[in-house]
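S.K.: I have a structure here, written as structure tokens, and I will follow up with some questions on it.
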2 protein chains.
Amino acid sequence: MFGLSNATTFEVVAVWTVLLIAFLGLGYALMLRAQVLKKDKGTEKMQEVWMGIKEGAEAYLNRQLKTILPLIGVLTILLFFSVYIVPPTPEALERFSNYSPDKVKLIIGIGRAIAFVMGASFSLMVGQFGMRMAVEGNVRVASASRRSFGEALQIAYRSGTITGMLTDGLGLFGGTIIFIIFGIASPDALLGFGFGGTLLALFMRVGGGIYTKAADVGADLVGKVEAGIPEDDPRNAAVIADLVGDNVGDCAGMAADIFESYEVTIVSGLILGLALYNMTHELKWIIFPLLVRGIGVVASIIGTYLVRGGKTLEGSNAMTSINKGFYTSATISIISFALLSIFYMHEIRAFASVAVGIILALTIDELTKIYTSPDYGPVKQVAESSKTGSATLILRGLGLGFESAVWQTIVIAVTILCSILIYNGYPAVYVLYGVAMTGIGMLTLTGNNVAMDSFGPIADNANGIGELSGMDKEARRIMGHLDATGNTTKAITKGVAIGSAVIAAVSLFGSFLTDVTRVQEQMGVQESLRLFATGIRVSEPKIFIGLLIGATIPWLFSSLILNSVTRAASLIVEEVRRQFRLPGIMEGTKKPDYQRAVDICTVSAQRELIGLALIAVMSPLLVGILLGVEPLGGFLAGVIVSGQLLAVFMANAGGAWDNAKKLIEDGLYGGKGSEPHKASVVGDTVGDPLKDTAGPALNPMIKVVNLVSLLAAPILVQYKLSHPGMIITALISFIAITYAIIFSKRGSLTKKVTVK
Amino acid sequence: MFGLSNATTFEVVAVWTVLLIAFLGLGYALMLRAQVLKKDKGTEKMQEVWMGIKEGAEAYLNRQLKTILPLIGVLTILLFFSVYIVPPTPEALERFSNYSPDKVKLIIGIGRAIAFVMGASFSLMVGQFGMRMAVEGNVRVASASRRSFGEALQIAYRSGTITGMLTDGLGLFGGTIIFIIFGIASPDALLGFGFGGTLLALFMRVGGGIYTKAADVGADLVGKVEAGIPEDDPRNAAVIADLVGDNVGDCAGMAADIFESYEVTIVSGLILGLALYNMTHELKWIIFPLLVRGIGVVASIIGTYLVRGGKTLEGSNAMTSINKGFYTSATISIISFALLSIFYMHEIRAFASVAVGIILALTIDELTKIYTSPDYGPVKQVAESSKTGSATLILRGLGLGFESAVWQTIVIAVTILCSILIYNGYPAVYVLYGVAMTGIGMLTLTGNNVAMDSFGPIADNANGIGELSGMDKEARRIMGHLDATGNTTKAITKGVAIGSAVIAAVSLFGSFLTDVTRVQEQMGVQESLRLFATGIRVSEPKIFIGLLIGATIPWLFSSLILNSVTRAASLIVEEVRRQFRLPGIMEGTKKPDYQRAVDICTVSAQRELIGLALIAVMSPLLVGILLGVEPLGGFLAGVIVSGQLLAVFMANAGGAWDNAKKLIEDGLYGGKGSEPHKASVVGDTVGDPLKDTAGPALNPMIKVVNLVSLLAAPILVQYKLSHPGMIITALISFIAITYAIIFSKRGSLTKKVTVK
């Protein structure tokens, strides 16, 4: 079975059961979908507003497909033909020993290509279906809120859970099916799978992030700040774009991002598991992560189904209900993991690693709360500094963001230290396996997490529909409560997303070492000279250079994204200003042209994608070819370390400014309209693109860079810089990166965006 | 001679000549001092204002001495007794073979202690004398500006040159005399010398930075923003503190910082030179850096003396005159280096490395200009974004800062690559020596650079005295021109300071490797297991942890500093507000209590020093003891890489905001008082502590961390964590760091500062 002669019956059954669980998760998603769609969509007025959002969302999703599909096509073909440069591994020849070597080549080529398409399309599906379901859900939540708090909560949460279970189901299905088909030859296909998912997540994150913040910042600047009208005021032409943006960013972007982390942790877990299998011939290293994931999905199904609330707000609390589901899932998982570890693994180490992951997720939650929740000191201090104006408020937020990045990074360091202690005395590959298991543990409850995250934009949009369609007070109060809860759940998920990204990247970094070593072994490189023996020595000047350059990539990426957002936002500002000047708009007698603002955001977001993706994909190739494999390792380390610090800084500074503003809007220091409030609005506007665009985009970027390096490693080891193919690739990479930077900096966006 | 039997007569004469040149530099400084002091101090009104500055400066300098001296005492004693833990090296025993081993122990102990005191007191002297001379100079510049442009320019530039030549003379003297006395046993004493200078520079940088920005931000917030009165308005109680602050930060802080880079590059150059001497038995590797430095000092003397201007502003330009001096020095140096390389080194490599350093300095100048000068696109874009308010202006600046950090880091990477190419095929120690020579090349014209930098606060203060004492228009115009020129020269020096800090840190990192390897060799560690052979492998999880933690340190440091500044600034704001409320102040009939604001800044700045210094000194000890020497190497790499990016980001974002404001004040987008101007003031206020406090403080911090690691390396290699001494040290370090963080975060500053 699986090309592995020594699989026990239990193991064979276990793997097929995991596959079944994947389908179970998808079936559960379908069931919830039917439940949600059965609900009514409320009054005509509500549906009218909603159609604006829906059309905007569709326009974005369709345009995104058109931008992305050709690229996927090209990459699929490249991956297929790559088999003629990097021939099948000995493992592949062994796995498919019934076929002639030429046939195996074909099989592996097709396998790589299909795995990539699978990863890419799954990521795309999670984002696209998830966002469509969120849009379907929001109007129904608004409608239900007129009847019952419990019903509104349930529709919102279940609409979100659909995305959660898609993430779980597709992620688990992909990893398992690849292992079933390819067995010991899986790494090749797994990398393709991971790369597809990660690349798409990068697209959706970056595109979604730019869209949502261009709309949000633009709408706020010209509406709240300049014209002095409230948020979600129907006279603001960008208001629908802003509502669509919440879905595009927090739903499609975040879901694809978490899907990708979910996928990459299982990919690196399986690759490192296979490395251990090759050393020990014990299949358990591979079966364990699959089973852990399977258990997590079952636990999520049970936990998410339990979330419900009472008829009225009194005595009910959305957060408590959602937490009940979460803790149920967590309890089921932890007990099952312990049993699995004892009775199947016959050792407690595996459980320890997974448990560290769960603790890590909780610790990062806690840290995120301390630095971004209005209930704790740091945000209160930021709010207080608004008394001396926006400059001191910005400085406080920067200081807080810097500090929070320090602690979160140290928590990650301690996590890795735990792996070292757990596998004390074992070779480094065990430790890296432990880190991968920690990543898997951390993402156990992805179903619940994504549900909680998608809940945010659904509740936010329902509230917006309520505002724009003038719904009654009691329903608005329920939606207000759901919206506030959604802000909290979104913030929590964001912390987990960044933390898991770094853990996943570290285990990919580990896979890079084993992968390069494997190729070197095949090439007959002496054992003491293989990468696992020599290591990535940053004390070598060339490798230190790799480290330096790698560390710059997240900064470059962030700077280009920030430029994109400010550029796109200024287009929105101009558009809304233009419409404000039209007769009838400010008086509210004429409806503004919402669709134009939506189009501007959509076009802007898609334009910027390509350049940023080129940088993520090409920079490791360029470094790898020009400097070599070891410096490329240094480059990866640089990307991870600097990306982690920068991402957390941006996320938490942004979150703190956001909530400092909320504190003041709740009445602190003079409340809305006061000078401190104006200062806090500046802070929030600065923080928004940091926390919702640049910061989150670093998660998939870090992993794209790692996966490209892994995919390119066999080629880089085999061919020297003098090979014509390498020279051409280096040249293409260099030109592409230069083009991307110039394009992203100057961009056609400085000219007028042409919308239909 | 020098305990080196194979020194040629030329080499012996050369070394003594270099020592003579050091005295020549100091003599030149004395001569200039006499010239400046002979000049008159102007009217009584001018002297009255000036006395306020002078008293403020004296108060700061005296208080600083009181804070620092006890600490120097303690560290001197510790360093002396360290010889009983780390016995003299075989080289020391060889050098002093005439004495008994016990005597040698005493000699080395005293040597370490004296070298440390020398480094510390030289750094202190450069800062203290330099700042005193700047204060003596400014009133004389103001007075001379009534007579002649040329005279004013010359006094300002020569007052600055005094600090420059102190830096040159003392730095060169220290390095040379240590080499003359200790010969091959120099590294021990050199490290003490470097550590003393760096630690003091850290104190002066951090203290100066907090002082200057607390005063500046505080004065601006409450004066310009709240009360709407101009900068330097005599009714503002913080106005004298602000003038003193310019000296404290840009003069004392910057001079000590550059002195320390100047010193550390010669320290690491000599240590790596000695490592090459041990391998090749060629003395030239050590003599070359000394001679390069000597030539640089002579060139600086000639070049700086040539700076003079015409009688009136017409047809004269301060920047052109200063540049003439700079290019003269540069030409003399480059030609001499080429000759030295050909006729003494008998190879062109040495010259190539030094030349790379000079090119690096020019490239960084250029980059800094592109990102921070109002004549280029980036600053114009930042200014333009002020039209949509302060939030977009902040975002633009952040994006620009991120981007500039990327390019400067890549320039550093290319510089290291040059060393690799220059020493292609040689072992890594040659490459590192090349990097050290690049650092020496980069700082060749330190005399000119420091002169240019100190010129800034002198001209600024002269202008302030002019404003406060109501001087006539023509004199004010001359001082305005000098002040504007000073802003440019300051900005240029800042870029060089950061760049040289990283290059110096990289060569210290190299010294760390050779030093640990030397100790391991003495302990009989097998060659293949010594650090130079194994390298710092970030692929080992433990070392990766070191890298992660190291990367957090600059962020932690910056966050604590930013908190300190905002805290201290808010005290100033409250004080000025309080004084504004007193009768007669706003009407200008009563003089505010300037001294109280000065005292608040002085006390605040000194309070925060200790905690920050503890973090820099203790964190490498803690990591080294808990994780080991290799992870400590990873830690150092992390500190360097992340410190470089963060420092450049903060410096350039701050510089861009500053100049964007100036552009608007010069009339762009409505000029002073317009909405864009208000937005730009917010940007400037945010940028000030970033560019003048947090950013520059990272330079000495990075090197303190490296030098502590170097000093501790022999102990860390010899003793395991289980040794009681190590446990106690780890505990003390942990407690000290925790205390420092809590103190710096909560600080007694949240309570009222008590001033006399």
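Throughout, read-outs are computed from the coordinates displayed, never taken from laboratory work. Owing to the predicted nature of the structure, the values given are computational and were not obtained by experimental measurement. Quick reminder, even Gly has a Cβ in these numbers, built from the backbone with ideal geometry, and neighbours come from all protein chains shown.
S.K.: Could you please rank A:Val248, A:Val135, A:Val623, A:Val519, placing first whichever residue has the fewest other Cβ atoms within 10 Å of its Cβ?
M.R.: Arranged by neighbour count, lowest to highest, A:Val248, A:Val135, A:Val623, A:Val519 become A:Val519, A:Val135, A:Val623, A:Val248.
S.K.: If you don't mind, another one. Mind checking the range A:262-360 for trypsin sites (Lys or Arg not before Pro) that DSSP puts in a loop (not H, G, I, E or B) and that have at most 14 other Cβ atoms within 10 Å?
M.R.: Answer by residue number: A:Lys311.
S.K.: Another one. With a/c under 1.5 counting as rounded, go ahead and sort the range A:312-402 into rounded, prolate or oblate using the C-alpha gyration tensor (a ≥ b ≥ c being the square roots of the eigenvalues; past the cut-off, prolate if a/b is larger than b/c, else oblate).
M.R.: oblate
S.K.: Just from its helices, what would the mean residue ellipticity at 222 nm be for chain A, if runs of 4 or more DSSP H residues each count -39500 (n - 2.57) and the sum is divided by every residue, rounded to the nearest 500 deg cm²/dmol?
M.R.: Rounded to the nearest 500, it is -28000 deg cm²/dmol.
S.K.: Averaging over every viewing direction, what projected area does the convex hull of the Cα atoms of the range A:5-56 cover, in nm²?
M.R.: 5.9 nm²
S.K.: Another question, then. Quick one: what Rg and Dmax do you get for the range B:226-290 from the alpha carbons, in Å?
M.R.: 22.9, 69
S.K.: At a Cα cut-off below 19 Å, give the lysines reachable from A:Lys39, other chains included and same-chain residues fewer than 8 away excluded.
M.R.: A:Lys54, A:Lys311
S.K.: Here is a follow-up. Taking a label point 7 Å out from Cα toward Cβ, give me the nm distances from A:Val411 to the same spot in the other copies, shortest first, one decimal.
M.R.: Computed spacing set for this position: 3.8 nm.
S.K.: How many partner chain Cβ atoms sit within 10 Å of a residue's Cβ in peptide A:382-394, on average, as a whole number? Walk me through the numbers on the way to the answer.
M.R.: Values: counts 0, 0, 1, 3, 0, 2, 13, 10, 11, 17, 10, 3, 10.
Mean shielding by partner chains, rounded to a whole number: 6.
S.K.: Right, something else. Taking every residue in A:643-650, how many Cβ atoms of other protein chains lie within 10 Å of its Cβ, on average? Before the final figure, lay out the partial values.
M.R.: On the way: counts 0, 3, 9, 6, 0, 1, 3, 1.
Counting other chains' Cβ atoms within 10 Å and averaging over A:643-650 gives 3.
S.K.: Please list log₁₀ I(q)/I(0) at q = 0.14, 0.34 Å⁻¹ for the range B:465-506, using the Debye equation with identical point scatterers on the alpha-carbon positions.
M.R.: Per q value, in the given order, log10 I(q)/I(0) is -0.49, -1.02.
S.K.: P(r) for the range B:289-356: what percent of alpha-carbon pairs falls in each 10 Å bin, starting at zero?
M.R.: Spelled out bin by bin, the range B:289-356 gives 21, 39, 23, 12, 4 percent.
S.K.: To the nearest 10 degrees, how steep is helix B:186-220 against the longest Cα principal axis of chain B, on a 0 to 90 scale?
M.R.: 20 degrees
S.K.: Give me the Kirkwood hydrodynamic radius of the range B:619-756, using the inverse of the mean 1/r over all pairs of distinct Cα atoms, in Å to one decimal. List each step's numbers first, then the result.
M.R.: On the way: mean 1/r = 0.0549 Å⁻¹.
By the Kirkwood definition, the hydrodynamic radius is 18.2 Å.
S.K.: Can you sort A:Thr167, B:Thr372 so the residue with the fewest Cβ neighbours within 10 Å comes first? Provide the component values of the computation, followed by the final result.
M.R.: Numbers: A:Thr167 35, B:Thr372 31.
Placing the least packed residue first, the sequence is B:Thr372, A:Thr167.
S.K.: Rounded to a whole number, what is D in µm²/s for the protein assembly as shown from Stokes-Einstein with the Kirkwood radius over alpha-carbon pairs (4 °C, 1.567 mPa s)? Show your work: numbers first, answer last.
M.R.: Working: Rh = 33.2 Å.
The Stokes-Einstein estimate is 39 µm²/s.
S.K.: List the longest stretch of chain B that has no exposed loop site; here a site is one of the GluC sites (Glu not before Pro) assigned by DSSP to anything other than H, G, I, E or B, with at most 10 other Cβ within 10 Å.
M.R.: B:1-313
S.K.: Let me ask something else. Hey, what did the range B:75-176 get for relative contact order, percent, Cα under 8 Å, at least 6 apart?
M.R.: Working: 65 pairs, mean separation 25.5, N = 102.
Averaging sequence separation for qualifying contacts and normalising by length gives 25 percent for the range B:75-176.
S.K.: What number in nm² do you get for the range A:250-338 if you take the convex hull of its Cα atoms and divide its surface by four?
M.R.: For the range A:250-338, the mean projected area of the Cα convex hull comes to 7.4 nm².
S.K.: Would you list, by chain and number, the aspartates and glutamates whose Cα falls below 17 Å from the Cα of A:Lys41, excluding same-chain residues fewer than 8 positions away?
M.R.: A:Glu55, A:Glu136, A:Glu151, A:Asp460, A:Glu467, A:Asp472
S.K.: Continuing with the same structure: Restricting to Cα atoms and excluding each atom paired with itself, what does the Kirkwood estimate give for the range A:550-599 in Å? Write down the numbers at each step before the final one.
M.R.: Numbers: mean 1/r = 0.0769 Å⁻¹.
Mean inverse Cα-Cα distance, inverted, gives 13.0 Å.
S.K.: For a test of the definition: using alpha carbon positions, the gyration tensor, and the 1.5 limit on a/c, classify the range A:357-495 as rounded, prolate or oblate.
M.R.: Oblate.
S.K.: Oh, and also: Between copies, how far does the label point of B:Leu71 sit from its twins, in nm, shortest first, when each point is 7 Å from Cα along Cα→Cβ?
M.R.: Counterpart label points of B:Leu71 in the remaining copies fall at 5.0 nm.
S.K.: Along Cα→Cβ at 7 Å, what distances in nm separate the A:Val525 label point from those on the other copies, shortest first?
M.R.: Inter-copy label distances (nm, one decimal, shortest first): 2.5.
S.K.: Based on Cα positions only, what radius of gyration and what Dmax would you give for the range B:43-147, in angstroms?
M.R.: 22.0, 67
S.K.: Mind checking the mean number of beta-carbon atoms from other chains within 10 Å of the Cβ atoms in A:562-570? All intermediate terms of the calculation are to be shown ahead of the outcome.
M.R.: Numbers: counts 9, 8, 1, 3, 11, 4, 0, 4, 5.
Averaged over the peptide's residues, the number is 5.
S.K.: Hey, another quick one. What does the range A:233-390 give for Rg and for Dmax, in Å, if only its C-alpha atoms count?
M.R.: Both quantities, over Cα of the range A:233-390: 21.4, 68 Å.
S.K.: Round to a whole angstrom and tell me the spacing of the C-alpha centers of the range B:260-321 and the range B:412-468.
M.R.: Here the answer is 10 Å between Cα centres.
S.K.: Please compute the Cα-Cα pair-distance distribution of the range A:624-667 with 10 Å bins starting at 0, giving whole percents from short to long.
M.R.: Histogramming the range A:624-667 at 10 Å steps yields 24, 27, 20, 15, 10, 4 percent.
S.K.: Which of rounded, prolate or oblate describes the range A:183-315 when judged by the alpha-carbon gyration tensor and an a/c cut-off of 1.5?
M.R.: It is oblate, given that a/c is not under 1.5 and a/b is not larger than b/c.
S.K.: Rounded to two decimals, what is the ratio between the C-alpha radius of gyration of the range A:131-221 and 2.2 N^0.38 Å?
M.R.: After normalising by residue count via 2.2 N^0.38 Å, the value is 1.53.
S.K.: What percentages, rounded to whole numbers, describe P(r) for chain B computed over all alpha carbon pairs with 10 Å bin width beginning at zero?
M.R.: Calculated P(r), rounded to whole percents: 3, 15, 26, 27, 18, 8, 3, 0.
S.K.: From the alpha carbon gyration tensor of the range A:612-688, can you work out the equivalent ellipsoid semi-axes (sqrt of 5 times each eigenvalue) and give them in Å, largest to smallest?
M.R.: Working from the Cα gyration tensor, I get semi-axes of 43, 11, 7 Å.
S.K.: Explain nothing, just compute: Karplus ³J(HN,Hα) = 6.51 cos²θ - 1.76 cosθ + 1.60, θ = phi - 60°, for every residue of the range A:327-344 in order, whole Hz, x for Gly and Pro.
M.R.: Computed from phi, the couplings for the range A:327-344 are 5, 4, 4, 5, 5, 4, 4, 4, 4, 5, 4, 4, 4, 4, 5, 6, 8, 9 Hz.
S.K.: Which ordering of A:Arg567, A:Arg33, A:Arg63 is given by a fewest-first count of other beta-carbon atoms within 10 Å?
M.R.: A:Arg63, A:Arg33, A:Arg567
S.K.: Restricting to Cα pairs below 8 Å that are 6+ residues apart, what does the relative contact order work out to for the range A:585-701? Please round to a whole percent.
M.R.: Relative contact order, the range A:585-701: 24 percent.
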